[in-house]
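Read the structure below first, then the notes.
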Amino acid sequence: MRKAERAEYIARRLDELYPDPPIPLDHTDSFTLLVAVLLSAQCTDERVNQVTPALFKLAKTPKKMAQQTIDDVREIIKPCGLSPQKSKAIVQLSKIIVEQHRGNVPDNFDDLEALPGVGHKTASVVMAQAFGVPAFPVDTHIHRLAQRWGLTSGKNVKQTEKDLKKIFDVNDWNRLHLQIIYYGREHCTARGCDGTVCEICTTCYPKRRRPKLTIKA
Ligand code: SF4
């Protein structure tokens, strides 16, 4: 199967499995989504969703969060890990949003990525899921599956993002990245497969006999 045929088949199969993939992080607006995505670094979405109700009870707007102490925020978010860095970033980015963006989460990559604790992947998630702008955030699951499906070399996440944006329709990016994440969690886990088991790989690579090794993100 050629790469374009694999991509077309995979997109169709994922649409059958996850026709309307929900956003995994609980949030009510772009600010609570931004904070939740920031908290999800090296942490599961489940854990973030357990922690954010208490955090957003304390403060759920940039203005209110900017008034909090880093210690108070850190106390609440400790279960998410990296709490000293994450709490500092949450309070500081809230201050910047109030002072430089009239209290509104910026709806462009440059200003988002200029915020403390916000990298390209976090900015891409917010642009896609809060503002509906096509983006293809690449996390560990997407980086791994794209390699197993022969859609990228896996050199690095930047290259994976570039390759996926090239092979898939721009109108499908926001839905596809969620679908791939769900497939990665439910079927295509890091240790769980060598690339010869389920329908996706056996359809894309019917002759594959040896395990498909992948490069980590
Ligand atoms: S065969 Fe394995 S590696 Fe390939 S898509 Fe299925 S679960 Fe993932």
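The values are calculated or read from the model by the stated rules, or taken from the named source; none is laboratory data. Everything quoted here is computed from the prediction, not taken from an experiment. Please note: Cβ atoms are built from the backbone with ideal geometry, for glycine as well, and neighbour counts cover all protein chains shown. Quick note on the areas: whole protein, heavy atoms, side chains included, nothing else; ligands and nucleic acids left out. Shrake-Rupley method; radii C 1.70, N 1.55, O 1.52, S 1.80 Å.
The table below lists the values:
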| item | result |
| --- | --- |
| Relative contact order %, the chain, counting alpha carbon pairs below 8 Å whose residues are six or more apart | 20 percent |
| Protein accessible area in segment 7-56, 1.4 Å probe - carbon and sulfur % | 51 percent |
| For segment 45-144, the Rg and Dmax computed from alpha carbons only, in angstrom | 13.8, 40 |
| Difference of contour (0.36 nm per residue) and Cα-Cα distance, K158 to T196 | 11.0 nm |
| E113-D169 FRET efficiency (beta carbon distance; Förster radius 22 Å; 0.05 resolution) | 0.30 |
| Accessible-area composition of segment 129-217, carbon plus sulfur, in percent [1.4 Å probe] | 53 percent |
| V126, V98, V197, reordered so the largest accessible area comes first (probe 1.4 Å) | V197, V98, V126 |
| Debye, to nearest 20: dipole size of the chain, +1 on Lys, Arg Cβ, -1 on Asp, Glu Cβ | 940 debye |
| Percentage relative contact order, segment 30-129, counting C-alpha pairs under 8 Å, at least six apart | 30 percent |
| Histogram of C-alpha separations across segment 127-217, 10 Å bin width, % | 17, 50, 28, 5, 0 |
| Shape box of the chain [Cα atoms, principal axes, largest first, Å] | 60, 30, 30 |
| Solvent-accessible area per residue, Å², over the chain with all protein chains present [probe radius 1.4 Å] | 52 Å² |
| Angle between the chain longest axis and helix 83-100 axis [Cα atoms, degrees, rounded to 10] | 70 degrees |
| Dipole-positive endmost among L145, L178, L34 within the chain (Cβ charges, Cα centre) | L145 |
| Principal axis box of segment 16-68, alpha-carbon based, largest edge first, Å | 46, 21, 16 |
| In nm, spacing of pseudo-spin labels at K63 and I215 (7 Å Cα→C-beta vector) | 4.8 nm |
| Computed magnitude of the charge dipole of segment 36-102 (debye, nearest 20; Cβ of K, R +1, Cβ of D, E -1) | 200 debye |
| Accessible-area ranking of D194, D163, D107, largest first, probe 1.4 Å | D107, D194, D163 |
